[in-house]
Amino acid sequence: MKLYRMITGPDDNAFCHRISKAISNGWELHGSGSLTFDPTQNRVVCGQAIVKDVAGQDYQNDLTLSDF
């Protein structure tokens, strides 16, 4: 099965660590990252899609994607 996640968060060190951890766990970047400005909180927000192929398992709605 192929899994997809969209990770979002403030443009900070923690966001970069979340992406780095996912990559180290076998996830791959999917497309370009995105940035937008949230004027309410006066900060930049990042988004990055990631994908992962998992052999030998079928997709189920109740999967916790961060467990893979």
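Where strands (runs of 3 or more DSSP E) fall wholly inside the chain, the ranges with 3 or more residues that are out of contact with any helix residue (DSSP H, G or I) (no Cβ under 6 Å at 6 or more places or on another chain), charged (D, E, K, R) and in contact (Cβ under 8 Å) with a residue 24 or more places away in the chain are 43-53.
Of PHE37, PHE15, all but one fail to be at pLDDT 95 or above, surrounded by fewer than 14 Cβ atoms within 10 Å (Cβ to Cβ) and of a type in the set (Phe, Trp, Tyr); the exception is PHE37. Taking GLN48 as the residue in question, decide whether it is modelled with pLDDT under 95 and either loosely packed, with under 11 Cβ neighbours inside 10 Å or within 12 Å of the chain's Cα centre (by Cα) (or both). So GLN48 does not fit the description; no.
The values are calculated or read from the model by the stated rules, or taken from the named source; none is laboratory data. A quick note: this is a predicted structure, and the numbers were derived from the prediction, not measured. Positions of Cβ are generated from backbone atoms using ideal geometry, with glycine treated the same way; all protein chains shown enter the neighbour counts.
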